[in-house]
Structures are given as structure tokens and as C-alpha cells.
Amino acid sequence: MHSVKVGSFAILISKQLAVTRSSSRAQYYVPLICEQIASICVNLRRTTTTSSQPVVIRIPRRMQEQIENIKQMQSKKFDRLPTAKPGRLLIKSKNPQQNQSVAYTLGKFEQPVLTSKGWKRNEALGDYFTINSTQSAPPFMGKQEGVGDDRASPLKTFDCFNISPELVESLQSQKIIHPTTVQMQTIPKILKGRNVLCAAETGSGKTLAYLLPIIHKLQAEKQEEQITDSVRKIHAVVVIPSRELAEQVASVARSIGQRFGLVVKVAGGGRGVGNIKAAFSHGQPDVLVATPGALLKALWKRFVSLSELNFLVIDEADTMFDVSFAGMLENILSHAQVASRLSETVGLTRKAQLIVVGATFPRGVGEVLSKVTDLGSMVTVKSQMLHYIMPHVKQTFLRVKGADKILELHQALKKAEQEHKGVLVFCNSASTVNWLGYLLDEMGVGHMRLQGEMPGAMREGIFRNFQRGNVDVLICTDIASRGLDTQRVGLVVNYDFPESHTDYIHRAGRVGRAGGAGGGEVLSFVTHPWDVELVQRIETAARRRMPLPGMESEIQKPSHKTDLKINEQKVH
């Protein structure tokens with residue numbers, strides 16, 4: 001009876017060894033199995049007191065050799081059990097088991113373990129994860145090739161474009177020495193007269209990428225033609241969605257074009273027709289920066305003409321081609337003669353170069369532009385990191401109850417105050433901006449508020465005070481998330497989580513900008529179930545090192561059905 005039990009157990013042991021010897025866990029299971037064999041042997045010896053012959057237990061020799069080999073292997077490696085490799089973390093979670101190191105790469109069919117997976121349940125309140133910065137310099141600042149070896153070469157300067165030396169000196173006086181990657185790619189194409197679509201991440205220097213070649217070409221023509229104020233015509237128009245952005249772009253244009261005598265003016269909304277007319281009372285500017293509504297009013301009142309336009313720039317394309325602006329933009333484009341090929345941008349009868357700039361693009365871009373130019377004539381400049389989670393900015397997501405957000409915000413502001421950082425606090429509505437401002441007043445936190453229901457002149461003054469450092473905390477809506485220069489900002493707080501990937505990209509893009517100091521941080525409060533869904537897509541993109549889903553980066557050609565609709569409208 002004993003021999004049957006032992007034989008059966010030996011068969012079981014051999015089967016388990018066959019399964020586990022190819023497994024990385026064999027070194028843990030085999031000693032346990034050996035202990036079980038020894039235990040049975042002891043019990044058998046104790047139960048054989050009435051038998052005159054000893055019980056013989058035979059274990060196959062090959063099994064004995066396998067056991068001995070694995071035991072020896074275990075004795076050598078027991079002190080260094082397989083653990084995660086030390087190093088920097090890409091994702092740091094409250095639960096260390098959900099961390100992901102920078103060195104780890106997910107397989108194509110491997111499903112990431114998301115920290116935010118169960119965040120729709122109340123049990124997840126207080127959970128958090130951080131997407132750490134993996135590099136110190138912004139990816140759009142370019143690289144110094146061969147750093148640390150004999151192949152090292154210095155970063156290029158603006159002299160490489162063969163532009164006016166005075167223009168380079170003007171940039172150097174503002175401590176702008178090295179062009180960014182998007183500027184290296186875009187400026188030569190505009191100088192050659194090409195229509196350009198520039199798609200690059202926020203803060204990568206897109207404004208200077210189009211202003212610099214435009215001002216270079218205008219000052220060269222001005223020297224040749226000796227234009228006087230009485231015959232000056234508008235040669236460049238920049239269409240931009242808000243008055244704050246228009247003032248900012250105009251300021252950059254003036255700073256680099258003032259020594260050439262170029263006149264730059266702004267036509268912004270919110271001031272009425274009288275103020276728009278006053279902008280042209282002393283003659284036409286060389287460069288006009290305008291919001292769509294103000295430019296249309298100026299065209300209707302014949303304050304301006306776009307007949308001799310050399311450059312037409314559409315900045316912040318994701319907003320300008322949205323349904324709220326698309327109709328006005330089509331009307332503006334119909335007043336300008338846009339070139340459809342390179343040969344049309346030179347000579348006395350030349351047409352306007354079209355430059356479209358943005359960090360994201362809605363689906364209707366191709367349908368609008370195809371009505372005024374050949375889409376095949378447009379050269380696309382696209383950043384390699386477009387729509388990726390910014391690798392030089394630390395981004396933290398905190399699952400929190402709505403009632404606790406004000407306390408978390410107060411703690412974040414206290415920390416930022418100690419580090420002397422400028423802070424942008426984003427809300428989804430003007431009413432939340434005002435309500436949050438009252439609470440911070442009661443807490444004694446100095447701040448300013450910026451939202452779309454304020455008069456244009458007031459908004460302009462508030463943002464200028466923030467840029468100058470008169471106040472460190474600005475509570476705002478998404479009106480401050482598009483294109484505004486926020487180099488002094490070190491912390492962005494999403495008090496209300498943004499409603500789309502596009503909004504998140506633009507808000508997070510207020511830190512880590514070209515010319516800014518350091519990468520900065522983004523802190524996001526996650527409250528609602530629909531917030532969680534968006535966070536899960538962001539976390540998945542970060543863990544897979546993939547761009548955010550559903551973002552447009554190309555001009556999509558209109559479909560055949562769209563062409564038929566356009567032709568039918570023309571017939572009727």
C-alpha cells in the first residue's frame with residue numbers, strides 16, 4: 001500500500017517538474033516539492049513499525065539530477081531575485097505595482113495596466129499618477145549632433161537662412177540666438193515662396209517661423225521700391241482668433257521690424273467700427289494683424305483692400321477653421337487672391353502666399369482651402385512630436401471629489417509661491433472663474449481673473465499685468481490657452497478638466513515653451529466620469545509612447561461627395 005502511494009506521488013512530481021522546469025518560477029516550486037517528498041518519507045518510516053522490511057522509495061535518477069541542479073542554481077541566485085530594473089520612471093503611481101520605467105516598452109499586443117482604470121468608482125478617490133519628464137530640454141529646440149564625441153557640432157544660428165544682418169542683430173538683442181526645429185524647417189520654404197501648412201506643438205516658435213521670412217521679404221522690397229506712406233498698401237495680413245493674440249503677434253512683429261520702418265497695426269474685436277477705422281487713419285500698414293470679425297468690418301467699410309496682398313497667414317488653425325469662425329474665414333479668403341502654384345508668388349501680378357499654422361487641425365480645413373487654392377501646392381511641415389505628451393513637462397493627474405478641489409488648489413498655490421512660479425488655473429466657464437476668485441480672495445491668495453465675458457480692453461490689460469509679473473496667479477478660461485506667450489508660467493492647474501484632447505494639449509502647452517526657464521508642471525483634478533475617460537486615453541498614449549488619438553495633423557482633401565455639393569451650390 002505504501003509503495004503504491006509513493007509511486008503515484010513520484011509520477012505527480014515528475015509531471016510537475018516537466019511543467020515547471022521551463023518556467024522562471026521552477027527554482028521556487030522544486031524545493032517545496034522536495035520538502036513534500038521528504039515529509040512523506042518520514043511519515044512512511046514512522047508507520048512501518050510492524051513491518052520487518054524497510055520501505056524502499058525509488059526516485060528516477062534523471063529526476064534526482066534535475067532537483068540537484070535546480071537546488072544548486074537556487075543557492076547561487078537566491079540573493080538576487082528578479083526585480084524591476086532600477087532607473088527613472090515614466091509613470092509613477094500611488095500603487096508602485098502600476099509604475100512604468102522609462103526603459104520599458106509595451107509590446108504591440110500588450111495591454112497597459114492603467115492607474116486610472118477604476119477611477120469611475122468612489123473607491124478611487126485620492127488615487128493619482130504622474131507622467132514624469134524624461135528630458136530637460138524641449139524636443140523642438142533641436143539637438144547638438146554628436147554631443148560628447150568628435151562629431152559634436154554647434155547649434156545653428158539665424159545666419160544660416162541668409163536673411164538681413166540687421167534682422168539677425170534684432171533677434172540677438174532679444175536673446176533669440178538659435179532657431180527651433182520648426183523654424184529651421186519652415187523659414188526656408190516661406191522664403192522660396194511656397195504655400196505652407198505648419199503643424200507643430202505649442203510653444204515651439206511658430207509665430208517667429210512665419211513673421212521672420214515675411215518681414216525679411218517686406219524690408220527688401222521696401223528698400224527697392226522706396227515706398228512712401230501715401231502709396232503704402234497692406235502686404236501681409238495675419239488672421240488670428242482673439243484680440244489678446246493679435247496684440248501679442250503685433251508686438252513680436254514690431255520688435256523685429258521697427259528698424260526697417262515697417263508699420264504694424266492691429267484690428268481687434270470688441271471696440272466698434274470707429275476704433276477699427278482709427279487704426280487706418282494714418283495710412284495703410286505694411287503688416288495687419290486682425291481678428292476675423294474686425295477684418296470683415298474693415299473690408300465691408302472699405303478701410304482696407306487685400307488686392308495686393310503678398311502674404312496671408314491663418315494662425316491658430318484649429319480655432320480659425322472651427323464652425324464658429326469657418327464662415328467668416330471663407331469670406332476673408334474670397335477677398336484675397338491666393339496663389340495656387342509657386343510661379344504665381346513672384347512678378348508684378350503675383351498672388352498671396354498662404355501660410356496656415358496650428359498645433360491641431362479640424363477636419364474641415366481641406367474643404368475650405370480647396371476653394372481658394374490647389375491643396376497639392378501646399379508644403380506640410382510637421383513636428384515629429386506633434387500630439388505627443390510633452391516629454392519635458394511633468395504632468396500629474398489626481399482623482400478627487402469636487403468639494404476637495406479648492407483645498408488641493410490652495411496647497412499647490414502655496415508650493416508655487418515658495419518657488420516663485422507663475423501659475424495659470426484653468427476653468428471651463430466664466431462663472432467658475434468668478435466663483436473660484438471669490439474663494440481665493442477669502443483665503444488671502446493674490447490673483448487676477450481672465451474670461452471671455454470681460455471687455456476686450458480689460459482682458460488685454462489683465463494679461464499684460466500677468467506677463468509683467470505684477471501678479472503670479474491667473475484664473476482663466478480657455479481664452480488664455482491658445483497661443484499666448486506664457487514663458488514665466490511654471491505651473492498649470494486644470495481646476496476643471498478640459499473637455500477634449502485639443503484643449504488639454506493647448507493648456508499644457510502654456511509651460512515648457514521656447515525661451516522659457518525649465519519644463520514646468522501640469523496638475524489636473526479629475527472629478528467626473530467623462531473626465532476619467534479622457535484621462536485613460538491620455539495615460540494609454542503616455543504608456544505606449546504614442547500620439548493622442550483622434551487628432552488631425554494633415555489637410556484632408558475633400559471627398560468626391562463634397563466636391564459635388566460645392567458644384568451644386570455654384571449652379572444654384
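Per-structure values
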{"quantity": "Global form of the range 387-518, assessed from the alpha-carbon gyration tensor, a/c cut-off 1.5", "calculated": "rounded"}
{"quantity": "Trypsin sites (Lys or Arg not before Pro) restricted to the range 462-534 and DSSP loop, no more than 14 other C-beta within 10 Å", "calculated": "none"}
{"quantity": "In the range 349-431, GluC sites (Glu not before Pro) in a DSSP loop with at most 15 other beta-carbon atoms within 10 Å", "calculated": "Glu419"}
{"quantity": "Cut-off under 5 Å, modelled amide H: who pairs with Ala267 long-range", "calculated": "Val289, Ala290, Thr291"}
{"quantity": "Sequence-distant residues sharing a close amide H with Leu491 (under 5 Å, placed H)", "calculated": "Gly422, Leu424, Glu521"}
{"quantity": "Cross-link table Lys175/Lys265; Lys94/Lys421; Lys222/Lys382; Lys297/Lys371; Lys206/Lys414; Lys108/Lys394, entries beyond 30 Å C-alpha to C-alpha", "calculated": "Lys222/Lys382; Lys206/Lys414"}
{"quantity": "Prolate/oblate/rounded label for the range 264-307 (Cα gyration tensor, a/c 1.5)", "calculated": "rounded"}
{"quantity": "Pair Ser307, Met328: separation of 7 Å Cα→Cβ label points (nm)", "calculated": "2.6 nm"}
{"quantity": "Cα gyration tensor category, rounded, prolate or oblate, for the range 157-387 with a/c compared to 1.5", "calculated": "rounded"}
{"quantity": "Sequence-distant residues sharing a close amide H with Lys94 (under 5 Å, placed H)", "calculated": "Tyr128"}
{"quantity": "Rel. contact order, % - alpha carbon contacts under 8 angstrom, at least six apart, the range 469-512", "calculated": "51 percent"}
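No lab work stands behind these numbers, since they all come straight from the coordinates. This one's a predicted model, so the numbers in the text were calculated from it and none came from an experiment. Quick reminder, even Gly has a Cβ in these numbers, built from the backbone with ideal geometry, and neighbours come from all protein chains shown.
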